[in-house]
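Down below is the structure, laid out as structure tokens.
The values are calculated or read from the model by the stated rules, or taken from the named source; none is laboratory data. Here the structure is a predicted model, which means the values were calculated and not measured. Here Cβ is always computed from backbone atoms with ideal geometry, including for glycine, and neighbour counts include all displayed protein chains. Just the protein is used for accessible areas: all its heavy atoms, side chains included, with ligands, DNA and RNA removed. Shrake-Rupley method; radii C 1.70, N 1.55, O 1.52, S 1.80 Å.
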Amino acid sequence: MLSIDNTYSEAELREFDARVRRGLDGEAPEYVVELKVDGVAVSLRYEDGVLVRGATRGDGVTGDDITANLRTLRSLPLKLKDAPPPLLEVRGEVYMHKSELARLNKEREEAGESLYANPRNTTAGTLKQLDPKIVATRRLDLFTFDIAAIKGRNRATHLETLKDLKKWGCPVNDTHEFCKDIDAVLKVIEKWNTQRHKLDYETDGMVIKVNDPAQRARLGSTSKAPRWVIAYKFPAEAKPTKLLGISIQVGKSGTLTPVAELEPVTLAGTVVRRASLYNFEDLERKDLRVGDTVEVQKAGEIIPQVLGVVKVKGQRRGKRFEIPEACPVCLGAVHKDADGAYLRCLNLACPAQVKERLVYYASRAAMDIENMGPAIVEQLVEKGLVRDPADLYDLKVEQLAELDRMAEKSAQNLVDGIAASKKRPLHRLLAGLGIRHVGARTAQVVAEHFGSIEAIEQATVEALQEVNEVGEVVAQSLVDFFATAENRDLIQRLSAHGLTLSEERRATSTGPRLCSFLVLQTQ
């Protein structure tokens, strides 16, 4: 599944059209234009009309087998209609409706849990879930947009392919349009640049495909992308607003991140009130000051981003923001990273760090402790009930029942959820410890390679680097973590509480994977 080259302007689109014409020796192409739905690309294999496998794109050659999760999608046909070919490999995009994301976030807010950032990332995370029942609750949807080559069957035009997919029962986005030339393509793009905000799903551009299969074959592909298709990315919407303040967030690894507090402004259909400024070097480079009028855009239509100051004639500017010399939460010492980009609080007992680490420990990416969201964590830390993950397993129903908005039944549910986390596999615990540079995937391959927390604790940098996907930086981070007395004590306390500290070893730690030999682009 190859990728698609991107364009960002009318001039670049016309250059694409010129390249196509040169590749066809001057022959005029006709195009089909489709909305580029912002989701997760999948490949669906049907044999005798029955779905036998669904996979993610992965690296374009090898992807994850997610058949069980895809079967929960109501829009995905498990059996095709109207005499489909005996072998069929369909390409599609799994996505989440904006309204569904709003529903999920409302539930999470009421439960005191962190909110999902955007539909695409939520879709990707959902498809990685190990439990299809969880996937089913999130109501993902699907559009199919093409098929891979079918042996013994002449390729149809792209319009005919879309009609066939629909005839066989595959969901097709009916917004696609046939265009006689590049001028017609540009008119379609202009129309959707504004109308797309009315849709209940995210789009980040349009996909322009040559309609004729014979012309496609003559144009061929590079090693990365077909020459007969291009994606046009919509320009990010930018608007001016006022910078009301600059706050500082402290992350689970102690990173101090400046955050712009903005006068509310609507961008790409959502209200933006805050935007990360990434680091203090970026803040200084843009010379942002409280009271400034600033230009804000959504990078990729997802992440709010402050582009810079909008100069307003006669406007008096405030003082430059002073880079903190101490942590704003615990007043402890801060240290600048070797690369000079980030400041970190060195106090591991800093309440802000403790809260962030506990929130991550309880998240679905780690120990998946039900009913333990940021609001609960904040109270646990502020009341001195919890300082680290091991303290969670000492909590009693009576203690939790005294928290705000926590009745006895809710307290019992949380205690049960904490107890259930003891059965999580070692790699989930390793991820939940919040070791710098060690995410869920790295934790899994390390746990499966060594098989126990004791073996990981005793491993050298060289031994860790023998693990697939682990480099020197990650290896050193793991060694440093287990070299710290406080961290070794934490592991001992977790062991005393009966957590799972071993895992079945595997020769390779790649998880369920699928090789795909039929090549087509991902949209």
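Are any residues in the stretch 251-283 hydrophobic (A, V, I, L, M, F, W, C) and out of contact with any Asp or Glu (no Cβ under 7 Å at 6 or more places or on another chain), and if so, which ones?
Of all residues in the stretch 251-283, those hydrophobic (A, V, I, L, M, F, W, C) come to 256, 259-260, 262, 265, 267-268, 271-272, 275, 277, 280, 283.
The answer is Leu256, Val259, Ala260, Leu262, Val265, Val271, Val272, Ala275, Leu277, Phe280, Leu283.
Can you tell me which residue is nearest to Pro171 (Cα to Cα) among those in the stretch 78-88 that are open to solvent by 20 Å² or more (accessible area, probe 1.4 Å), assigned to a loop (DSSP other than H, G, I, E, B) and in contact with a strand residue (DSSP E or B) (Cβ under 8 Å, 6 or more places away or on another chain)?
Ranking the candidates gives Leu78 first.
Please count how many residues of the stretch 333-361 are free of Cβ contacts under 8 Å to residues at least 60 places away in the same chain and under 24 Å from Arg441 (Cβ atoms). Give the derivation first.
First, pick out the residues of the stretch 333-361 that are free of Cβ contacts under 8 Å to residues at least 60 places away in the same chain: 333, 335-340, 349, 351, 354-355, 358.
From what's left, under 24 Å from Arg441 (Cβ atoms): 337, 339, 358.
Within the stretch 333-361, residues that are free of Cβ contacts under 8 Å to residues at least 60 places away in the same chain and under 24 Å from Arg441 (Cβ atoms) number 3.
Of all residues in the stretch 203-231, which are open to solvent by 40 Å² or more (accessible area, probe 1.4 Å) and over 30 Å from the mean Cα position of the chain (by Cα)? Working first, answer last.
Step one: filter the stretch 203-231 for residues open to solvent by 40 Å² or more (accessible area, probe 1.4 Å), giving 212, 214, 217-218, 221-224, 227.
Correct list: Asp212, Ala214, Ala217, Arg218.
Taking interchain pairs and intrachain pairs at least six residues apart, which have beta carbon atoms under 7 angstrom, with the first residue in the stretch 434-462 and over 12 Å from Ser477 (Cα atoms) and the second among the polar types (S, T, N, Q)?
Gln444/Ser509; Val445/Asn468; Val445/Ser509; Glu448/Ser509; His449/Ser509; Gly451/Ser502; Ser452/Ser502
If you check Asp200 against the conditions, is it touching a residue at least 40 places away in the same chain (Cβ under 8 Å), open to solvent by 30 Å² or more (accessible area, probe 1.4 Å) and farther than 26 Å from Leu76 by Cβ?
No; evaluated as a whole, the condition is false for this residue.
Looking only at the stretch 458-493, how many residues end up being surrounded by 14 or more Cβ atoms within 10 Å (Cβ to Cβ) and among the hydroxyl-bearing types (Ser, Thr, Tyr)? Break it down stepwise before answering.
As a first pass, look at the stretch 458-493 and keep what is surrounded by 14 or more Cβ atoms within 10 Å (Cβ to Cβ): 459, 461, 463-465, 467, 470, 474-479, 481-482, 487, 490-491, 493.
Okay, now just the ones that are also among the hydroxyl-bearing types (Ser, Thr, Tyr), so 477.
So the answer is 1.
Working carefully through the options Phe517, Phe481, find the one that is aromatic (Phe, Trp, Tyr) and either closer than 20 Å to Ser363 by Cβ or at pLDDT 95 or above (or both).
On the way: Phe517 fails: either closer than 20 Å to Ser363 by Cβ or at pLDDT 95 or above (or both).
Sole residue among the options that is aromatic (Phe, Trp, Tyr) and either closer than 20 Å to Ser363 by Cβ or at pLDDT 95 or above (or both): Phe481.
Take Leu104 and tell me if it is out of contact with any Gly (no Cβ under 6 Å at 6 or more places or on another chain), open to solvent by 20 Å² or more (accessible area, probe 1.4 Å) and not charged (D, E, K, R).
Numbers: out of contact with any Gly (no Cβ under 6 Å at 6 or more places or on another chain): yes; open to solvent by 20 Å² or more (accessible area, probe 1.4 Å): no; not charged (D, E, K, R): yes.
For Leu104, the condition - out of contact with any Gly (no Cβ under 6 Å at 6 or more places or on another chain), open to solvent by 20 Å² or more (accessible area, probe 1.4 Å) and not charged (D, E, K, R) - is not met.
In the stretch 239-295, which residue that is aliphatic (A, V, I, L, M) and open to solvent by 50 Å² or more (accessible area, probe 1.4 Å) is modelled with the lowest pLDDT? Spell out how you get there, then give the answer.
Start the filter on the stretch 239-295 by keeping residues that are aliphatic (A, V, I, L, M), which leaves 243-244, 246, 248, 250, 256, 259-260, 262, 265, 267-268, 271-272, 275, 277, 283, 288, 290, 294.
Pick out the ones that are also open to solvent by 50 Å² or more (accessible area, probe 1.4 Å) and you get 244, 271, 290.
On the way: Leu244: 95, Val271: 84, Val290: 94.
Among those residues, the one meeting the criterion is Val271.
Any chance the stretch 307-329 includes a residue that's more than 23 Å from Ala236 (Cα to Cα), open to solvent by 70 Å² or more (accessible area, probe 1.4 Å), in a loop (DSSP other than H, G, I, E, B) and touching a residue at least 60 places away in the same chain (Cβ under 8 Å)?
Within the stretch 307-329 (the criterion being more than 23 Å from Ala236 (Cα to Cα), open to solvent by 70 Å² or more (accessible area, probe 1.4 Å), in a loop (DSSP other than H, G, I, E, B) and touching a residue at least 60 places away in the same chain (Cβ under 8 Å)), the answer is yes, since at least one residue qualifies.
For Tyr393, which of the numbered conditions (1) under 25 Å from Gln379 (Cα atoms); (2) modelled with pLDDT of 95 or more; (3) in contact with a Leu (Cβ under 6 Å, 6 or more places away or on another chain) fails to hold?
Condition not satisfied by Tyr393: (3).
Quick grid of which residues meet (1) under 30 Å from Asn371 (Cα atoms); (2) touching a helix residue (DSSP H, G or I) at 6+ places or on another chain (Cβ under 6 Å); (3) open to solvent by 10 Å² or more (accessible area, probe 1.4 Å); (4) not polar (S, T, N, Q):
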site	(1), (2), (3), (4)
Val32	no, yes, no, yes
Arg53	no, yes, yes, yes
Thr56	no, no, yes, no
Asp59	no, no, yes, yes
Gly92	no, no, no, yes
Met96	yes, yes, no, yes
Ala117	yes, no, yes, yes
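What's the number of the condition Leu400 fails, among (1) closer than 20 Å to Ser363 by Cβ; (2) at pLDDT 95 or above?
(2)
Do any residues in the stretch 31-55 that are within 15 Å of Leu165 (Cβ to Cβ) and part of a loop (DSSP other than H, G, I, E, B) have Cβ atoms under 6 Å from those of residues that are open to solvent by 10 Å² or more (accessible area, probe 1.4 Å) and modelled with pLDDT of 95 or more, where the two are at least six apart or on different chains, and which pairs are they?
Filtered contacts from the stretch 31-55: Gly49/Lys79; Gly49/Leu80.
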